[in-house]
Amino acid sequence: MEEVQRYESFSDGVKACVPTMLGYIGIGFAAGVVEKGVGLSLLEILLLSLFVYAGSGQFIICGLLAIQAPISTIILTVFLVNSRHFLMSLSVTSYFKPYSILNNIGIGTLLTDESYGVLTTALQEKRPLTAKWMHGLNVAAYLTWTLANVCGGLLGQFIPDPNRFGLDFALTAMFLGLCLFQIELPLKKRTKQTLQVLASVVIALVLFMRFTSAEIAVIAATLIGCLVGTVTHDA
């Protein structure tokens, strides 16, 4: 008999995180190489992955460091780009209300796009989730990302120009992969909805980029995409 995936203990969360961990090894490694390429030390790379813990944020930091942007610009840009995590955390907070405030802070602090994807999939399948399972998912991803960053930094000492190998495109490639996995061809309704959301995000991003900064445009396009997804969900 096929073993049923469990969603209860810490170890169950780690097992559910395996696909994410495999992706983080590649993306985190590329981030470490790029970080080393802009002059960060191994200690700085370690601290960056521990305290920022955001692929998009870390790649953005590297780009801004490369053009010698002021620290205030770096902080504001990363905050705006990663402010979507507020929306992600709020959307699942009701499922963990029975747990303590410390549990909820721990869950929200380490929640990423990928772990959020695993979580929402489990919720759609109406799995009986626990805080221990969520901690296992988050901690496994967190440690994998940090280790991959440091390993990338070690190798980065021997790669003077990471962009030459396309490593700066790694994060974009990961998100494209996540997007493609959401398009299920047999489900025409689901595919149509996904394409509608993607089209609304692209159009909104292009329009807002003409009148606002890139950071504001990303947030606005994200909110519009969420709105379109909600409106068309039952259409």
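Descriptive notes on the structure:
- For region 39-85, the Kirkwood estimate of hydrodynamic radius, built from reciprocal distances between every pair of different alpha carbons, is 10.9 Å.
- Label-point separation, residue 9 to residue 52 (7 Å along Cα→Cβ), nm: 3.7 nm
- Inverting the pair-averaged 1/r between distinct Cα atoms of region 1-123 gives 16.4 Å as its Kirkwood hydrodynamic radius.
- Accessible surface, 1.4 Å probe, highest first, among residues 77, 121: 121, 77
- Averaging 1/r across all pairs of distinct Cα atoms in region 50-117 and inverting the result yields a Kirkwood radius of 13.3 Å.
- Going by accessible surface with a 1.4 Å probe and the largest first, 17, 151 read 151, 17.
- Accessible surface ranking that places the most exposed of 29, 96, 59, 86 first, with a 1.4 angstrom probe: 86, 29, 59, 96
- Residue 10 - accessible surface, heavy atoms, 1.4 Å probe, Å² rounded to 10: 100 Å²
The values are calculated or read from the model by the stated rules, or taken from the named source; none is laboratory data. For clarity, every value in this text was computed on a predicted model and none was experimentally measured. Neighbour counts are summed over all protein chains in view; Cβ atoms, including those assigned to glycine, are modelled from backbone coordinates with ideal geometry. Just so you know, the surface numbers come from the protein's heavy atoms only, side chains and all, with ligands and any DNA or RNA stripped out. Shrake-Rupley method; radii C 1.70, N 1.55, O 1.52, S 1.80 Å.
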